[in-house]
Amino acid sequence: LREELQRDPAWAATPEELLRVGEAKIECVAGMISLCGEGTTEETRVRLERALELDPGLEEAFDALYFTARGAKDWAAAEAACTRGLEHDLGWLPFWENRGIARMTLAGKPEASQEDRARGYTDAIADFDRALAIEPRRVESLLHRGGTRANWSQWGELPFERIDELSRAAIADFDALLALDPARVQALVWRGNAHMGLALGLRKAGRDPGA
């Protein structure tokens, strides 16, 4: 509510509007409690959708819908929740980052076609790019952009030049992250995998990995 008042000091002049947004936030909190407790996915989703009926631009409700779908491993619904949020607020960094994670995961499914994989990984990288444009030192976006590039490079359906490009870009992302957070174990592991993938690609292309 404080954020609404800061954006428009005259906004709270209408008691009905204040009550509506307050009720929306209560429903959102109830949904998040359900998500963290014993509530079912459907109970949580209904609460959050009710919050969005009352306040269609409530960022926290879209975030909670994403995590509800992610917890149920429904990555298509997770992606959709972020896309809906972006229709209201293009500057909310978690929408870009979380949609990128959902798209990266969907593209990496074994049943994804080559076309769907290429589109999904491309869209995921674009989402992480948008998140990093908002916050250039965002380590989660660096981690997952690097992971997306590394995963894509290792599917074995790309020409060597593209594998080389993706692998080196992934390593650069992990290097940038580790300069900010040297103890991030996941980045160290993923960077090692990217180096290994690049070496294998070089061998298959008849080039010396040590050159």
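The values are calculated or read from the model by the stated rules, or taken from the named source; none is laboratory data. Remember, predicted model here, so these are calculated numbers, not experimental data. Here the Cβ positions follow ideal geometry from the backbone for every residue, glycine too, while neighbour counts run over all protein chains shown. Side chains included, ligands, DNA and RNA excluded: accessible areas come from the protein's heavy atoms. Shrake-Rupley method; radii C 1.70, N 1.55, O 1.52, S 1.80 Å.
Note on the stretch 145-188: Kirkwood hydrodynamic radius from all Cα pairs is 10.7 Å, rounded to one decimal. Placing a label point 7 Å from the Cα of Ala179 along the Cα-to-Cβ direction, the residues of the stretch 134-150 whose backbone N falls under 12 Å from that point are 137. Normalised by the number of residues in the stretch 121-211, the average gap of Cα pairs under 8 Å and 6 or more apart makes the relative contact order 26 percent. Rounded to 0.05, the FRET efficiency of the Leu188 and Glu87 pair, given R0 = 35 Å and the Cβ-Cβ distance, is 0.40. Excluding Asp175 itself, calculate the net charge of residues whose Cβ lies under 14 Å from the Cβ of Asp175, where each Lys or Arg counts +1 and each Asp or Glu counts -1. The answer is +4. Share of carbon and sulfur in the accessible area of the stretch 139-211 stands at 55%, probe radius 1.4 Å. For the stretch 76-131, the fraction of 1.4 Å probe accessible surface lying on carbon and sulfur atoms is 53 percent.
In this simple spin-label approximation, Glu53 and Ala133 carry label points 7 Å from Cα along the Cα→Cβ vector, and these lie 3.6 nm apart.
The listed residues Arg184, Arg84, Arg207, once ranked by accessible area (1.4 Å probe) with the largest placed first, stand as Arg207, Arg84, Arg184. When Lys204, Lys109 are compared by accessible area at a 1.4 angstrom probe, the order from most to least is Lys204, Lys109.
Taking 0.36 nm per residue of separation and subtracting the Cα-Cα distance, full extension of the segment from Leu200 to Ala126 would add 24.0 nm.
Our estimate of slack between Lys109 and Val46, defined as 0.36 nm per intervening residue step minus the Cα-Cα distance, is 19.9 nm.
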